[in-house]
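Following: one structure in structure tokens, then a few remarks.
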Protein chains: 2
Amino acid sequence: MTALTLATIDTPAAIVERPRMQHNIARMQARMNALGVRFRPHVKTSKCIDIARAQRDAGAQGITVSTLKEAEQFFAAGFTDILYAVGMAQHRLPHALELRRRGCALSIITDGVASARAIAEFGRANGEAFDVLIEVDTDGHRSGIRPDDDVLLEVAHVLHGGGMHLAGVMTHAGSSYDLDTPEALRAMAEQERAGCVRAAQRLRDAGLPCPIVSVGSTPTALMAERLDGVTEVRAGVYVFFDLVMRNVGVCSTDEVALSVLTTVIGHQVEKGWAIVDAGWMAMSRDRGTQKQKRDYGYGQVCGLDGAVLDGYVLSGANQEHGILSHEGAPDTDIATRFPIGTRLRILPNHACATGAQFPEYQALGEDGALQTWGRFHGW
Amino acid sequence: MTALTLATIDTPAAIVERPRMQHNIARMQARMNALGVRFRPHVKTSKCIDIARAQRDAGAQGITVSTLKEAEQFFAAGFTDILYAVGMAQHRLPHALELRRRGCALSIITDGVASARAIAEFGRANGEAFDVLIEVDTDGHRSGIRPDDDVLLEVAHVLHGGGMHLAGVMTHAGSSYDLDTPEALRAMAEQERAGCVRAAQRLRDAGLPCPIVSVGSTPTALMAERLDGVTEVRAGVYVFFDLVMRNVGVCSTDEVALSVLTTVIGHQVEKGWAIVDAGWMAMSRDRGTQKQKRDYGYGQVCGLDGAVLDGYVLSGANQEHGILSHEGAPDTDIATRFPIGTRLRILPNHACATGAQFPEYQALGEDGALQTWGRFHGW
């Protein structure tokens, strides 16, 4: 059987450029090492064992997951230190218990009294002391308890007094995605750090344990100037990067490791359109660059070699059709420039969303050969 | 094993309310019967054998697919009359040939001379007369040849003269999705019909065969007043409907048959937020109602019984977190109204995109029992 290449594989396909991915992994790990913290990658971005192994080989300690299905799959592949970083729903406690009884060092999180009580009651009823982190809100983005809120200590007492292992505090400054200057990103990183450390200090001042202080998002992890008091950092999308991260300012388009391989299947010459077989089913419906400093439509068009074709974007998408056009005046030479059958690669707005549209990645090595890496789908 | 119900199944889950789905199928089929045309559902919406069987049982003749993977899967399940309604890429011709040699009556489409030549050359080289429809552009939406363009006859001659079966013409007035009044929809349906019939007439006037005249989109299919000269209609999303179609004006929210079951996992009471476990991974990133007459955020919130909770929407979404809030003033009773563990159902903006996020549907019968229906993923 001949090895598959970018020229022979069926399209659309999700291509992971391995040298870029390795560069991104090394960059983040070096930064974490320099700041003296452990790094726990969020594997929700890739949902791929091969990629998580590359992160671990570079020095990552443990993983973060967004679903118990991810926990199951990565545990089956030998990852035992797993933080499930979505507020624990009561109906999922039996599944979490079962994972722990099979030897998985699964930590869970909560940000409310009702949820903490449910965890402690279920744990006691089953003779299990769950490792629980309290989710802290350091930027008003989504979930968590404000560092100075009385509820923080209340939740901590419910867990600790209820016989659970109070493992620490964690936060995610997701609003860093809305910023786009180094100053603002550095300030947000410091806000995330300081808020989480403050929450930890309040627990310790109350005589409660708080061994773990966990923070992170890709922009804050890369821009943080100091992480005093933090024990570990989490980040996900850095492994691929994407156009949203390019606009935030933490990568260049040349560092984006995920792209969608597509084929030109038609033209509307008067409009300057090439029709390609990567629609929203392949790219995802994510339009994360829509309100950023540069709007890439559904993606930035590149040649087969991965070089950006400046000004060419996916300007529209139906389920299996993408509309490729030049920004500004229509390119009426589009059919000559990109004849029927031309293969191109599209950089995505949001790598987590685009990756999720594919059952597998095609990992592209420096020799041009493709290797298939599986990824999970669903819950 | 106890039967799964909405109260016991893990969340998030894609729920198909069977009575609503059957109502939608019956409504469309009755309309097509009244207009005297065959109906060929587009199965890209559901990618589900069970659902396509229900469409066939109601009177549908043949199916439309958007990928050759769909063709493979439906052919394996006994569907033999299949229209692959995306412009044929040359590199996929061997796969199409193989399907036909295994007994699949697969039709393909083209809208350009280069592509038509590739089909004819490959067909002749392999002794295969492909059934080919010419794609016609009746609304400037995406692909196709304008009915009065000279290229139409050129492509027809390449195919017919090259020994292929010129099976007919097809069009899709996808811009009907941008309309929202009965008058505009009826006018678009007539534009779609007239343009496609005009293209067919030009072929016949030139002495070429054109047995099939195929049109359709959910809005135009439901709003067409006459379909003279049309032989078949295609539509997909009608089987579920969604909030985009509600805004277009061809269904009510009570007819939307697909919803995402979710669990409340936290609150931000001051903001009036409930945090649920349906984020964009479950809902998809589709924001199709953003520019319509009513913006539903990432979806309309309903109770477990499917009744709309007016004013409550998913106002934000991260990968596995949804932010549920009331439009207008924050609902500061949100934690009492929807306590931790509350199960809700969210109607999607775009059923095709939301369905694609799930490996399977849970079909909900009138008795409240759930049945698992598989669906395909990937290409």
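The separation of the range A:281-316 from the range B:211-255, counted between C-alpha centres, amounts to 31 Å. Helix A:18-35 axis versus longest C-alpha principal axis of chain A: approximately 30°, rounded to the nearest ten.
Of all aspartates and glutamates in the structure, those lying under 14 Å Cα to Cα from A:LYS271, and not within fewer than 8 positions of it along the same chain, are A:GLU327, A:ASP331, A:ASP333, B:ASP137, B:ASP139. One decimal place: the segment A:LYS69-A:ALA7 gains 18.9 nm when fully extended, by the rule 0.36 nm per residue minus the C-alpha distance.
Between A:ALA34, A:GLY216, A:ALA52, the Cα set farthest toward the positive side of the dipole of the range A:19-239 (charges on each charged residue's Cβ, about the Cα centre) is that of A:ALA52. Built from the Cα atoms of the range B:253-374, the convex hull projects on average onto 7.5 nm², one quarter of its surface area.
For the range B:261-303, the set of trypsin sites (Lys or Arg not before Pro) satisfying both a DSSP loop assignment and a count of at most 13 other C-beta atoms within 10 Å is given as B:LYS291, B:LYS293, B:ARG294.
If you take the Cα centroid of the range A:62-120 and the Cα centroid of the range B:1-76, the two points sit 36 Å apart. Working note: Karplus 6.51/-1.76/1.60 with θ = phi - 60° gives the range A:63-76 the couplings 9, 10, 10, 10, 9, 6, 5, 4, 4, 4, 5, 6, 4, 4 Hz, where Gly and Pro are set to x.
Shape class for the range A:1-94, computed from the alpha carbon gyration tensor (a ≥ b ≥ c): oblate, with a/c not under 1.5 and a/b at or below b/c. From the alpha carbon centroid of the range B:139-161 to that of the range B:347-379 is 37 Å.
Bridge orientation summary for chain A: considering DSSP beta bridges with both residues in this region, about 50 percent are antiparallel. Scanning residues 5 or more positions from B:ILE212 or on other chains, those with amide H under 5 Å from its amide H are B:GLY168, B:VAL169, with H placed 1.01 Å from N in the peptide plane.
Cα gyration tensor of the range A:171-228, axes a ≥ b ≥ c as square roots of the eigenvalues: rounded (a/c below 1.5), prolate (a/b > b/c) or oblate? Prolate.
Take every pair of alpha-carbon atoms less than 8 Å apart whose residues are at least six positions apart; their mean separation over the length of the range B:19-240 yields a relative contact order of 21 percent. Sorted from closest to farthest, the other copies place their B:THR8 label points 5.1 nm away, with each point set 7 Å from Cα along Cα→Cβ. A straight Cα-to-Cα reach below 24 Å connects A:LYS69 with the lysines A:LYS44, A:LYS47, B:LYS47, residues fewer than 8 places away in its own chain not being considered. For the residues of B:81-90, the average number of beta carbons from a partner chain within 10 Å of their own beta carbon is 4. In terms of surrounding Cβ atoms within a 10 Å radius of their Cβ, A:SER284, A:SER252, A:SER325 rank from fewest to most as A:SER252, A:SER325, A:SER284. Among beta bridges identified by DSSP and lying wholly in the range B:253-374, the antiparallel ones come to about 95 percent. Rounded to the nearest 20 debye, the dipole magnitude of the protein assembly as shown is 940 debye, with +1 charges on Lys and Arg beta carbons, -1 on Asp and Glu beta carbons, and the Cα centre as origin. Rounded to the nearest 20, the size of the Cβ-charge dipole of chain A about its Cα centre is 640 debye, with Lys and Arg at +1 and Asp and Glu at -1. Over the C-alpha atoms of chain A, the Rg to Rh ratio, Rh being the Kirkwood estimate, stands at 1.02. For the range B:253-374, a simple Cβ point-charge model (Lys and Arg +1, Asp and Glu -1, everything else neutral) yields a dipole of about 400 debye relative to the Cα centre.
For chain B, excluding the exposed loop sites themselves (GluC sites (Glu not before Pro), DSSP loop, at most 11 other Cβ atoms within 10 Å), the longest remaining stretch covers B:1-224. By the Cα gyration tensor, the range B:284-333 has an equivalent ellipsoid whose semi-axes, rounded to whole angstrom, run 17, 14, 13 from largest to smallest.
Under a 5 Å amide H cut-off, with hydrogens placed 1.01 Å from N, B:TYR296 pairs with B:THR289 among residues at least 5 apart or on other chains.
How high is the relative contact order of chain B, in percent, counting Cα pairs under 8 Å that sit 6 or more residues apart? In percent, rounded to a whole number, it is 19. Working note: Debye formula, equal point scatterers on the alpha-carbon atoms of the protein assembly as shown, no solvent; log10 I(q)/I(0) at q = 0.10 Å⁻¹ is -1.01. Its alpha carbons considered, the range B:19-240 gives a radius of gyration followed by a Dmax of 16.6, 50 Å. Okay, helix-only estimate at 222 nm for chain B: each DSSP H run of n ≥ 4 adds -39500 (n - 2.57), divide by all residues, round to 500 deg cm²/dmol; what do you get? Result for chain B, helices only: -9000 deg cm²/dmol. In nanometers and ordered shortest first, the copy-to-copy spacing of the B:GLY127 label point, defined 7 Å from Cα toward Cβ, is 7.3.
Rounded if a/c is under 1.5, else prolate if a/b beats b/c, else oblate: with a ≥ b ≥ c from the C-alpha gyration tensor eigenvalues square-rooted, which is the range A:106-169? The shape class here is prolate. Scanning chain A for the beta carbon that comes closest to the axis linking it by rotation to B yields A:ARG285, 2, distance in whole angstrom. Each other copy places its own label point for B:ALA76 at 1.9 nm from this one, sorted shortest first, where the point lies 7 Å along the Cα-to-beta carbon line.
Between amide H atoms placed 1.01 Å from N, distances below 5 Å from B:ILE109 occur with B:VAL86, B:MET88, B:LEU133, all of them 5 or more places distant or on a separate chain.
Readers should treat all values here as calculations from the given coordinates under stated rules, not as data from a laboratory. Since we're looking at a predicted model, the values are computed, not measured. We place every Cβ from the backbone using ideal geometry, glycine too, and count neighbours over all the protein chains shown.
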